[in-house]
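Note sheet for the following structure.
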Amino acid sequence: MASEGNMTSLEEKLTNLEELTKKLEQGNLPIDEAIALYSQGMELAVSCKKNLDEMSLKLTVAREKATKALNGDEA
């Protein structure tokens with residue numbers, strides 16, 4: 001199922017983001033490596049937001065269709 005693939009992808013991205021955050025919070029990285037990890041983290045955060053926005057849109061569409069069906073309106 002496509003949505004399960006998206007969820008797995010999102011979960012993997014969030015796990016990677018958490019791992020990057022932990023490494024950065026330790027504060028013992030060389031500045032070049034810290035900047036590289038920060039950049040990766042920001043890219044992951046943007047990608048996660050896009051995934052969440054897409055999922056939210058799908059939920060909104062499904063809710064609207066269900067509401068119309070329950071109210072007897074044609075979809």
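Just to verify a result, which residue in segment 21-75, among those that are of a type in the set (D, E, K, R) and not in a helix (DSSP H, G or I), is surrounded by the fewest Cβ atoms within 10 Å (Cβ to Cβ)?
Filtering first and then ranking leaves GLU74.
The rows are residues; the columns are (1) among the hydroxyl-bearing types (Ser, Thr, Tyr); (2) touching a helix residue (DSSP H, G or I) at 6+ places or on another chain (Cβ under 9 Å); (3) free of Cβ contacts under 8 Å to residues at least 40 places away in the same chain.
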position	(1), (2), (3)
ALA36	no, no, yes
GLN40	no, yes, yes
SER47	yes, yes, yes
LEU52	no, yes, no
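If I filter segment 1-20 down to residues being part of a helix (DSSP H, G or I) and among the aliphatic types (A, V, I, L, M), which single residue comes out as modelled with the lowest pLDDT? Full working, then the answer.
Taking segment 1-20 and keeping what is part of a helix (DSSP H, G or I), we get 2-20.
If we keep only those that are among the aliphatic types (A, V, I, L, M) as well, we get 2, 7, 10, 14, 17, 20.
Values: ALA2: 47, MET7: 58, LEU10: 91, LEU14: 94, LEU17: 95, LEU20: 96.
Of everything passing the filter in segment 1-20, ALA2 is modelled with the lowest pLDDT.
The values are calculated or read from the model by the stated rules, or taken from the named source; none is laboratory data. All figures in this text were calculated on a predicted structure; none of them were measured in a lab. Don't worry about glycine lacking a Cβ; one is built from the backbone with ideal geometry, like all the others, and counts go over all protein chains shown.
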